[in-house]
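Colleague: This is the structure, below, for whatever I ask next.
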Amino acid sequence: VEHYAQRNLNIAEQFLQLARVEAEESVEMVEQDMLDVIESAIDQVQIQAQGRKITLQFDYDPDQDVWVRGNNELLERLVVNLLTNAVKYSGDAKAVEVRLYAGGGQVCCDVRDHGVGIPEAFQDRLFERFSRASSSGGARTRGAGLGLRFVKVVTERHGGDIQVESVPDQGSCFRLALPRIDVGGLS
């Protein structure tokens with residue numbers, strides 16, 4: 001009973017987060033170092049990953065400025081959603097790779113798993129509300145289909161883009177791209 005109560009609570013929380021971000025006229029934005037956002041998100045997903053013997057590998061260049069104008073809470077939840085999905089849809093004892101980098105006026109974060117992948121026919125609908133691919137994890141994977149919709153809405157609110165590349169039975173890579181800002185002497 002406790003398991004199902006927690007699961008329903010999580011679904012309700014996801015729905016509320018999505019409804020909130022869709023309804024808000026504007027979101028408070030400040031300068032954010034995406035390195036801090038990504039590290040915090042990885043910390044939040046670490047226990048889930050360890051439970052499946054999945055290694056979270058983080059690659060970044062400490063000399064690159066990866067600052068964006070954004071909302072810390074929303075960006076962190078966005079990255080947690082991507083990481084949680086990567087862990088959820090990977091097989092046990094695999095790696096999830098996270099790469100943070102700047103280029104072309106953007107700050108990019110790639111989250112790559114080596115799991116079940118997403119059928120090409122479904123990829124166009126992936127970011128719709130309540131959307132889940134039936135062959136991506138099958139009956140053993142539970143969710144309400146709200147997480148990637150939240151990712152898409154938050155990304156758009158930040159003037160960014162989210163893309164996916166996926167091959168069934170080989171894994172998926174989600175690429176978040178946000179406008180980079182120059183903070184000069186802030187860091």
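The values are calculated or read from the model by the stated rules, or taken from the named source; none is laboratory data. It should be emphasised that the depicted structure is a prediction, and the values quoted were computed from it without experimental measurement. So basically every Cβ, Gly included, is an ideal-geometry build from the backbone, and we count neighbours across all protein chains shown. Only protein heavy atoms, including side chains, enter the accessible area calculation; ligands, DNA and RNA are left aside. Shrake-Rupley method; radii C 1.70, N 1.55, O 1.52, S 1.80 Å.
Colleague: Just to confirm my numbers, what's the Cα centroid distance between region 152-187 and region 95-123 in Å?
Modeller: If we compute the Cα centre of each part, the gap is 8 Å.
Colleague: Moving on. From the protein chains alone at 1.4 Å, what is the descending order of accessible area for Asp92, Asp33, largest first?
Modeller: Asp92, Asp33
Colleague: Gln50 versus Asn72, label points 7 Å from Cα toward the beta carbon: distance in nm?
Modeller: 2.4 nm
Colleague: Which stretch or stretches of region 146-187 have amide N atoms under 20 Å from the point lying 7 Å from Asp59's Cα along the Cα→Cβ direction?
Modeller: It comes to 163-167, 170-178, nothing else.
Colleague: In square angstrom, rounded to the nearest 10, how much accessible surface does Ser90 have for a 1.4 Å probe?
Modeller: Rounded to the nearest 10, the figure is 0 Å².
Colleague: Express the accessible area of region 40-129 per residue in Å², computed with a 1.4 Å probe while the remaining protein chains stay in the model.
Modeller: Working: 4380 Å² over 90 residues.
Value for region 40-129: 49 Å² per residue.
Colleague: Hey, rough spin-label estimate for Val183 and Asp161, points 7 angstrom out along Cα→Cβ, what's it come to in nanometres?
Modeller: 2.5 nm
Colleague: Same structure again: Expressed as a rounded percentage, what relative contact order does region 32-136 have, with Cα pairs under 8 Å and six or more residues apart?
Modeller: It rounds to 28 percent for region 32-136.
Colleague: Of all the accessible heavy-atom surface of region 30-86, with the other protein chains kept in place and a 1.4 Å probe, what percent is carbon and sulfur?
Modeller: 41 percent
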